Amino acid sequence: MATHSWLRRAAVSAAVLGACLVAAPAAPAAPAAPAAPAAPAVGADRADRGDPLRQYYGQDLDWHGCALGPDDVTGRELDDAGAGCAELTVPLDYAAPRGRTITVALSRLPATDREHRVGALFLNDGGPGGAGLDMPLRIAADLGDVAERFDLIGMDPRFVGRSTPLDCGWDIGTGLYSAGPDRASFARAAARAHDLAGRCRRTNGDVLPYVTTRNTARDMDVLRGALGEDRISYLGYSYGSYLGEVYTTLFPGRTDRMVLDGVIDPARYRQTLLQDSEVANERALRGWAAWAAERDDIYGLGGSREAVLATVDRIDAAAAEAPVRVGEYRLDAHLLPIILISGLGSDLDGPRASLAETVALLARVVEGEAAEPTPAQAEQLAFLTTEVGSRYASAQLAILCGDVAERRGLGTYWRDIEAGRSTNPFAAPVVSNVNACEFWSRPAEAPTVVGGDVPALLVAATGDPRTTYSGTEAVRELWPSSRLVTLDGAAHHGVYGEYGSACVDERVNAYLASGRLPAADVTCLP
């Protein structure tokens, strides 16, 4: 994922999958909300004083420094780059805009070439639940000279990062983990999922119905109005592609240039979001194992792909017998596979080396050696296995469940796991497992049916182990006016600005600079 979230990034140890279960009393369904009123565009229609959303679209943003204190590295970097931060006020419930409000944290790196300014480029790094305040800094480097022509807009979506917080008080940093090796472990995973859902209901039940992608899209449009923009441009990775799809559906005609990277098929957006990635993750595991085998003198995991996979199997089997203790952290059969699968988001040497180092550490521990994690490994372990990652994981599952929670029944998950385990034994117990959404209240609104024909630029790698290439192809078919830039043969999630493909990066930058899509789909090689 290079530095850019679930489906992406460093916190991906808590973010990459779907996970937990056991029969529980049905939670009361949230009342269905009426459709939100159409948002006013910039201009005369905003002068309608009877419009209850007028105050939000017309608000003045107070831009200020970003650093919250001397230890706020991100804030200092934003300040040093000339960015500003602000807070956007939005209604908690768009069906009751005169009621309770929340704030959404923003950052803006202004265009320096004002004469040739295109407009505002909204950025989303994925998730769900990924913070985006620092994205203008990272994307500016990828854009090169094109950055001078855009106001780069970072946004912590509602209940994420510096925005009004949501924290369910979980004792782990993921709501997504493995079913384990058998029906008994599956039942324990289900019980944990039920517990996590209950914690959210008890601590944040008043806001959960409004933690949704649709409301984040509405927040985006309020921000568009507050910035004085008729239309926005948008760059969204991974889950951010789904957010972009929802935005264009709710607010057709409000986008200028749109780039979606690692694209989610909206028809396949569901609570087991990564279930379609079973095969891609198994392939990524085998590809990594072959890579590690070629470097057996460095990592000592085995001299062949099969030997490396056998090492992984031994570690997994040990965790199934008893939790593996790494320093002060404990990894059981539910959490250890998340550590492993979170390292499969890229086939670049850096991420593969990080995973090999982690597997080597686990192998030494399983063999009885005294081995301590590196600071980076300890940070990942703390995030995953303790309350440190609770806020991130709470928001992530709250968004997903708020969008698409449904009661499928535990037997359905178990059948899916067993069906997948025969051919995809590593990935199936993770990506097909139940999670807290099974025990969530019914969403306040039906999932968005994405349609239309949006002339977007789609970007994907054929071996993406998070958002599979077939999802991108589905959106390309859904939107005939779009174009697709494919990185053929790469197993990497999130390509633009991350994989180092000049072929991909140049196509994206040319489109953002000119607004003209390629005449035809483009295939790039790694």
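Remarks
- Taking the listed residues 230, 221, 206, 256, the one that is at pLDDT 95 or above, within 21 Å of residue 156 (Cα to Cα) and over 21 Å from the mean Cα position of the chain (by Cα) is 206, with no other qualifying.
- All of 244, 228 fail the test of being among the small types (Gly, Ala, Ser), under 30 Å from residue 108 (Cα atoms) and in a loop (DSSP other than H, G, I, E, B), apart from 228.
- Residue 110 falls short on exactly one of the conditions (1) in contact with a helix residue (DSSP H, G or I) (Cβ under 8 Å, 6 or more places away or on another chain); (2) under 12 Å from residue 83 (Cβ atoms); (3) not acidic (Asp, Glu), and that condition is (1).
- Residues being at pLDDT 95 or above, surrounded by 18 or more Cβ atoms within 10 Å (Cβ to Cβ) and polar (S, T, N, Q) - total across the stretch 273-319: 3
- Cross-chain or 6+ apart pairs with Cβ under 8 Å, the stretch 503-520 first and at positive phi, then of a type in the set (Val, Ile, Thr): 515/118
- Of all residues assigned to the stretch 220-232, at least one qualifies as being basic (Lys, Arg) and surrounded by 24 or more Cβ atoms within 10 Å (Cβ to Cβ).
- Criterion applied to 154, 126 was being within 22 Å of the chain's Cα centre (by Cα) and assigned to a loop (DSSP other than H, G, I, E, B), and the one residue passing it is 126.
- Some residue of the stretch 175-185 being modelled with pLDDT of 95 or more, crowded, with 20+ Cβ neighbours inside 10 Å and of a type outside the set (Ser, Thr, Tyr): yes
- Residues being on the phi > 0 side of the Ramachandran plot and in contact with a helix residue (DSSP H, G or I) (Cβ under 6 Å, 6 or more places away or on another chain) - total across the stretch 74-107: 0
- Within the stretch 161-177, residues that are among the basic types (Lys, Arg) reach partners that are part of a loop (DSSP other than H, G, I, E, B) with beta carbons closer than 9 Å, at six or more positions or on different chains, in the pairs 162/68; 162/131; 162/133.
- Hits in the stretch 468-526 (condition: over 28 Å from residue 270 (Cβ atoms), among the polar types (S, T, N, Q) and either touching a strand residue (DSSP E or B) at 6+ places or on another chain (Cβ under 7 Å) or crowded, with 21+ Cβ neighbours inside 10 Å (or both)): 501, 523
- Helices (runs of 4 or more DSSP H) contained in the stretch 298-374 and holding at least 1 residues among the small types (Gly, Ala, Ser): 305-321, 349-366
The values are calculated or read from the model by the stated rules, or taken from the named source; none is laboratory data. Quick caveat, the model's predicted, so the values are computed rather than measured. Because the Cβ atoms are built from the backbone with ideal geometry, glycine has one as well, and the counts that use them run over all protein chains shown.
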